[in-house]
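Below is one structure, written out as structure tokens; comments come after it.
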Amino acid sequence: MAEGLVARVKRLVSGGVNQLVDTIENTSPETVMAEAIREVDRAVDQVRDELAGVLANKHLANTRLGETATRHEELQEQIALAVKQGRDDLAEAAIARQLDLEVQIPVLEAAVADAGREEKELEGYVGALQARKREMEAELDNFRRAQQKTAADSAAAGEAAQKDSVEGKSRKAEEAFDRVLKSTTGLPGGARADKADAVKLAELEDLARKNRVAERLAALKAAAKDG
């Protein structure tokens, strides 16, 4: 695996969102975070390409190792036959070929072992990158929810401010009405009377009305009795 790719994978897995992409001016945080996730995806693809090459090399080395071992065994049988037949020349040729194969076998075995280790390493990198991607996607979702909450809070604050503005305008209109009323009639404005006083005055008016009704009824009863 190329050293540059190893360093890149380690940077992506260990770094924070701000370290995953170069500084992007005049760009929203959400865009930067989304680009960071895309970079992880690109790194995963690159590691998988590397893994595909390693698997192909491992397969070739395994195939070559199997063929070499099989040929070595075949030569051993042929050498025994040549010796039995008294054909030392053939036996010597077969033995020479065996020696060539024997020096190749450890190299092929090492190639298979190295490919196996690199395969596990690359699979580990893919798993780590995918895990980091899931974390980053969760971070992006949290950021979006926070942005939505902020927008909702701002909207609520705006509505409250608008309500306060309407109430303020209403108070100013009442005050203006009171000033006009006082300047033209000399009477104080009543539009801003205290709510508690207004309730008491209404109750007093109702009580007075009931009293007048009672007085009239008593008068009618007295007249009927005299008549």
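Read-outs: derived from the displayed coordinates by stated rules, not from any lab. Quick caveat, the model's predicted, so the values are computed rather than measured.
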Which ³J(HN,Hα) values, rounded to whole Hz and listed in residue order, are derived for segment 61-71 from phi using the Karplus coefficients 6.51, -1.76 and 1.60 in 6.51 cos²θ - 1.76 cosθ + 1.60 with θ = phi - 60°, glycine and proline given as x?
5, 5, 4, 5, 5, x, 5, 5, 5, 5, 5
Output the pairs from LYS10/LYS120; LYS10/LYS133; LYS10/LYS58 with a Cα-Cα distance over 23 Å in this structure; if there are none, say none.
LYS10/LYS58
Hey, what do the phi angles of segment 141-152 turn into as Karplus ³J(HN,Hα) couplings, whole Hz, using 6.51/-1.76/1.60 and θ = phi - 60°, x for Gly and Pro?
4, 4, 5, 5, 5, 5, 5, 5, 5, 4, 5, 5
